[in-house]
Amino acid sequence: MLRPLLSTAALVTGLTLCTPVLAQDTPSADMVMATVGGTDITLGHMLVLRAALPKQYDQVAPEVLFSGVLNQLIQQELLKQAHDGEMSLAATLRLENERRAVLAADVAETVVNANISDERLQTAYDAEYAGVEAETEYKAAHILVETEEEAQKLVTELEGGANFAALAQEHSTGPSGPSGGDLGWFGEGVMVPEFFVAVAGLEVGAISAPVQTQFGWHVIKLNETRIKERPTLDAVREDLLVGLRQRAFDDFIIGLEDATDVTRTDTSTLDPALINQTDLLEN
């Protein structure tokens, strides 16, 4: 989070704020925004800090964000220059971890953002979807009760013209009861086999005989069907790209591991609770 602004008195010594950037100036990452005790804070520093802020800061007005980020960096530089003596062990290790993480992220970004050709994309699409056939999907509703007798009684009421959704709201013990038993759209493999077989055997608008599953007894109404076609390449392009980039990253890591001598200490005798023993970082 951005820290509160420093008081004017705290900023007087050794601090020079740059002249505001005019609209006609061409901004650059090395543009100096402030100088603190001889150390420059650039627009690039501000942009890096801004990019790391949580999504909620997208709602903050640019003028507020600009001054807040700059003041955050000024405060940090003042505190850094006020540091005296050796860094603590925790601070030293934190810097090592952060440097490692930043450099690792830089390499990872290069790997995953490497250009993926249309040929590779097409190959991935064919491998994923070439054998996929059109599938029938079903939109159904059900009423779940505990006994076959209850289910049969509901079937009789429905055959007499009762409203399915109203009966579901009144009698169903399943989570879809309050919404009239509506189960939405689903295909094969989503519902338990006994339920799906019953649905697939119905005509649109028809009511099933009582169907038993591990959950109890169901009365099912089939409302609609549709054909789910194989998706086009454009429709799944982003998903395929995500998969190809993940594969590229995984292959890159495997290559690095194969080419590098990595030795892991035997930790079988160590208590995993050590990971929480942060007092070991105290000097």
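Structure values in brief
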{"quantity": "For semi-axes √(5λ) of the Cα gyration tensor in Å, calculated from these coordinates, the label among (i) 35, 27, 18; (ii) 60, 27, 25; (iii) 39, 20, 16", "calculated": "(ii)"}
{"quantity": "Protection proxy ranking, peptides 209-218, 57-66, 222-231, average beta carbon neighbours within 10 Å, highest first", "calculated": "209-218, 222-231, 57-66"}
{"quantity": "Accessible surface, per residue, of the range 229-280 when the full set of protein chains is kept, probe 1.4 Å, Å²", "calculated": "86"}
{"quantity": "Accessible carbon and sulfur surface of the chain relative to its total accessible area, %, 1.4 Å", "calculated": "54"}
{"quantity": "Hits among lysines - C-alpha to C-alpha of K153 under 23 Å, sequence gap 8 or more where chains match", "calculated": "K221"}
{"quantity": "Length-normalised contact order of the chain in % [C-alpha pairs under 8 Å, at least 6 apart]", "calculated": "17"}
{"quantity": "Peptide ranges 83-91, 159-167 listed from the most packed, as the mean C-beta count within 10 angstrom indicates", "calculated": "159-167, 83-91"}
{"quantity": "Interchain or long-range residues, amide H under 5 Å from T213's placed H", "calculated": "H218"}
{"quantity": "Candidate lysines for bridging to K228, where Cα separation is under 21 Å - those fewer than 8 sequence places away on the same chain excluded", "calculated": "K139"}
{"quantity": "Rg to Rh quotient for the range 135-283, alpha carbon positions, Kirkwood Rh", "calculated": "1.32"}
{"quantity": "Helical contribution to [θ] at 222 nm, DSSP H n ≥ 4, -39,500 (n - 2.57), averaged over the chain, rounded to 500", "calculated": "-14500 deg cm²/dmol"}
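The values are calculated or read from the model by the stated rules, or taken from the named source; none is laboratory data. Please read these numbers as outputs of a predicted model, since none were measured by experiment. Cβ atoms come from the backbone with ideal geometry, glycine included; neighbour counts cover every protein chain shown. Note: areas computed on protein heavy atoms with side chains; ligands, DNA, RNA excluded. Shrake-Rupley method; radii C 1.70, N 1.55, O 1.52, S 1.80 Å.
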